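FYI, it's all coordinate maths here, none of it is from the lab. What you see is a predicted model; the values in this text were computed from it and never measured. Heads up, the Cβs are rebuilt from the backbone with ideal geometry, glycines too, and the neighbour counts pull from every protein chain shown.
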Amino acid sequence: MTTNFDRKRVLTIALILFGLFTLLIAQFYKIQVIEGDKWLKQADRQHFFIVKEPFKRGTFFANNTVKKGHPEALQPFVVDLPKFHLYLDPEAIPPELRDAVANRLTTIIGLTSGERGTFRKQFDYKSRSRKLAMWLDRSTRNDIQSWWQTYARQNKLPPNALFFVGDYQRSYPYGKLLGQVLHTIQGNKDEITQQAMPTGGMELYLNSYLKGKLGKRRLMRSPRHALETEESLILPQHGADVYLTIHPSLQAIAEEEIEKGVKNAKARAGWAVMMDPRTGEILALAQYPFFNPSEYPRYFNDPLLIEHTRVKAIQDANEPGSIMKPITAAIALKANRELKARGEKELFSPDEKMSTASGRFPGRRKPISDTHLHKYLNMDMAIQHSSNIYVARLVERIIARMGNEWYRNQLSEVFGFGKKTNIELPAESSGLLPTPGKKHPNGTLEWSVPTPFSMAFGHNILVTSLQQMRAWAVLANGGYYVRPTLVRKIVKTDNAGVEHVILDNTRPERQQNFPRVMDEEIVKRVVQSMRYVTKKGGTARRADVPYYTEVGKTATANKIKGGAYSEKLYCSTFMGFTPVENPAFLLLVTLDEPEYAYIPGVGFNHHGGTTVAPLFREMAKRSLEYLGIPQDDPDNTIWVQDAIRLQEIYEKWNMSGKQ
């Protein structure tokens, strides 16, 4: 018979059980519902881990359109090769096996004795993920996986206690070719974003296009599951590809010749720029000594080598010297055109017999001089013999009739001096074009009375090689102001394989929008004068390209050392284009500080006509032959008779004693 006490006891127990059950339900509700996300994340952290999926950095492709009618296969200047980083889960390796695993891995990877100690320490960290080795190739990865699969099974270790994360490493199929222009990226990437850190060049300038975005994969961490148990969370976005204007064969020709030229002249350095004068496309940009992107730490850790990582054609602004003289002649002819339009007397005539015996000019204590005394010259003779006095006389007349501001405006607005070209490279110099009324930091005037007379022949003005290319393109293309470029197109390919053109410099309207800044008749007359430079009596006969017509100009500019012109340091240049009627390219070649010496039977080593002119000839000849440009002077006879007649007039004016 059940007593009241027993009933109370059963009821109490039931209430207690009910309360406990209620608490249990409440706890389950708290864990599963209220704190569900928290515990789910913790469970995921215990059983899963996230691996960043690498992206490919954009590729630089060579120009395969240069040889007309002969399309070439697309060739990359840079290749992103798949590489692998080896990771370790230290907590999954028992202490007694760590030495054996570490020793085997160091043998396969090929670490030195000094590297092994640091490698072994990674096994003792309290961590689920430690990076053991970087940039392993596929063969090394396969060797490690082959050994590890057997070892892990024999020792009952989790297969994914060792795992690999893929990545991409910059590789250079052409080696040092175009090194200063391309540059590279550092081996270590940003720890969080995995973005590359460029060392300079186009890698830096176009970094915003080249970089991509990481993807994410989720992997299961369990002894029962292999690494392949994974889920793709976010697909990586690869960087955009850049299609360059540079052609590898033309670049190789330029690099081979500039290396020979620097060594033969015992120069400090040298560079060459080849450009299509109609489009502004840079076909080659070579510099010696070279910069090998694959060995970038060696250059940046050596004060003597770091200089060779710069692109001197855009960063070094020097006095251009005599290659300014055709520009001066063009400006004088333009002044003629404007004066005639006003109904006023013209400034000069290209055929005028101008006195050049005296080099005295207003504001100058020291007379301007020529390398040889010329009593009288006309424009053709002045360009042929590279007369400083003649072009200074032209500018003297320009200033007297048109004014300083007009002259400066022609240099700035027509030919672009003092303005960056905005080429796709960092650290471009704008040079220095003096301004009337403006002072230097030391308080002296940039533009004094004699300044324009010196500027006429390329002194008192600082210009980069690429600025000079832009200016000369006006003469080579019939009067148009072009924008130099290294980029034809930038193309982004999405994960569906669809290409999106971000930038297209090949559109016809780009070239159509180049403004005309000089009348074609003026340009043709200046080019007519330049054709005598490489003929008999000219300063650059060694630049004469066999079987082709060419025009050009030498320059031998003193460098400034310690605030004064050096008597032994020069920057020597030859600039020209060929063939004349329809130029395949405009080419500038510069030697920086060739040895100051006299070569018997040849001339002064530092003169542009001696050492740089032959470089132009060889680069031009090889490039024209490679491109298959038809010969326009197969007998080497064009202009020969004109040159003879000009020489006869010159001798009559200067050697007969008659005036």
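Neighbour counts of other C-beta atoms within 10 Å: give me PHE123, PHE577 arranged from fewest to most.
PHE123, PHE577
Put simply, when 131-141, 321-331, 635-645 are sorted by average Cβ atoms within 10 angstrom per residue, most first, you get 321-331, 131-141, 635-645. Give LYS126/LYS492; LYS260/LYS536; LYS420/LYS489; LYS263/LYS553 a once-over and call out the pairs whose C-alpha atoms are over 32 Å from each other. The pairs that break the limit, which is 32 Å between Cα atoms, are LYS126/LYS492. The GLU115 and GLU256 beta-carbon pair, evaluated with R₀ = 30 Å, returns a calculated FRET efficiency of approximately 0.15. For the range 236-375, taking Cα atoms only, Rg and Dmax work out to 22.9, 73 Å respectively. Taking every DSSP helix (H) stretch of at least 4 residues in the chain, weighting each as -39,500 (n - 2.57) and dividing the sum by the residue count yields a mean residue ellipticity at 222 nm of -10500 deg cm²/dmol.
Spin-label model, LYS419 to LEU23: label points 7 Å out along the Cα-to-beta-carbon direction sit 8.4 nm apart. Computed from the alpha carbon positions, the gyration tensor of the range 523-659 leads to an equivalent ellipsoid with semi-axes of 26, 22, 13 Å, biggest first.
Debye sum, Cα scatterers, the chain, no solvent: what log₁₀ I/I(0) at q = 0.05, 0.11 1/Å? At q = 0.05, 0.11 Å⁻¹ the computed log10 ratios are -0.37, -1.07.
Its Cα centre serving as origin, the range 81-171 has a Cβ charge dipole (Lys and Arg +1, Asp and Glu -1) of approximately 120 debye.
Placing a label point 7 Å from the Cα of HIS500 along the Cα-to-Cβ direction, the residues of the range 187-210 whose backbone N falls under 18 Å from that point are 207-210. Karplus-derived 3J(HN,Hα) values for the range 387-393, using 6.51 cos²θ - 1.76 cosθ + 1.60 with θ = phi - 60°, are 7, 5, 5, 4, 5, 5, 5 Hz; glycine and proline are entered as x. In this simple spin-label model, placing a label point 7 Å from the Cα along the Cα-to-Cβ direction at both VAL79 and LEU304 gives a separation of 3.4 nm.
Straight Cα distances below 15 angstrom link LYS438 to the aspartates and glutamates GLU405, GLU446, with same-chain residues fewer than 8 positions distant left out. Scoring 9-20, 250-261 by mean Cβ neighbours within 10 Å over their residues and listing the highest first yields 250-261, 9-20. Bridging of LYS52 to aspartates and glutamates at a Cα separation below 18 Å is possible for ASP44, ASP80, ASP89, ASP167, ASP190, GLU191, GLU228, GLU230, GLU231, once same-chain residues fewer than 8 apart are set aside.
Compared with the direct C-alpha span, the chain from GLU352 to TYR125 gains 72.9 nm at full extension, assuming 0.36 nm per residue.
For MET655 and LYS156 in one chain, what is 0.36 nm times their gap in residues minus the Cα-Cα distance, to one decimal in nm?
Value of the extension gain: 169.5 nm.
Pull out a ≥ b ≥ c, the square roots of the eigenvalues of the alpha-carbon gyration tensor of the range 81-171, then state rounded if a/c is under 1.5, prolate if not and a/b is larger than b/c, and oblate in the remaining case. Prolate, because a/c is 1.5 or more and a/b exceeds b/c.
Neighbour counts of C-beta atoms inside 10 Å place LEU486, LEU86, LEU97, LEU24 in the sequence LEU24, LEU97, LEU86, LEU486, starting with the fewest. On the basis of the beta-carbon distance and an R0 of 51 Å, LYS216 and GLU338 show a calculated FRET efficiency of 0.15. Ranked by the mean number of other Cβ atoms within 10 Å per residue, highest first, peptides 311-317, 493-499, 582-588 order as 582-588, 311-317, 493-499. Relative to the longest principal axis of the Cα atoms of the chain, helix 4-29 runs at roughly 10 degrees.
With θ taken as phi - 60° and the Karplus curve 6.51 cos²θ - 1.76 cosθ + 1.60 applied, the whole-hertz 3J(HN,Hα) list for the range 579-595 is x, 5, 5, 9, x, 6, 6, 9, 10, 10, 10, 10, 10, 9, 6, x, 4 Hz, x standing for glycine and proline. For a label point 7 Å from the Cα of ASP519 along Cα→C-beta, name the residues of the range 387-405 whose backbone N is under 18 Å from it. Label zone hits: 398, 402. Legend: calculated FRET efficiency, HIS372 to LYS176, from the Cβ-Cβ distance at R0 = 41 Å, rounded to 0.05, equals 0.45. Under a 5 Å amide H cut-off, with hydrogens placed 1.01 Å from N, LEU132 pairs with LEU86, TYR87, LEU88 among residues at least 5 apart or on other chains.
In this rough spin-label picture, where each label sits 7 Å from Cα along the Cβ direction, the MET134-SER412 distance is 4.8 nm. Just want to confirm a number: the relative contact order over the chain, from Cα pairs under 8 angstrom separated by 6+ residues, in percent. Computed value for the chain: 13 percent relative contact order.
Extension gain for the segment ASN142 to ARG541, taken as residue separation times 0.36 nm less the Cα-Cα distance, is 137.4 nm to one decimal.
So how do THR464, THR590, THR451 line up by other beta-carbon neighbours within 10 Å, fewest first? It would help to have the intermediate numbers written out before the result.
On the way: THR464 26, THR590 32, THR451 21.
If I rank by nearby Cβ atoms, fewest first, I get THR451, THR464, THR590.
Taking every DSSP bridge with both residues inside the chain, close to 95 percent are antiparallel.
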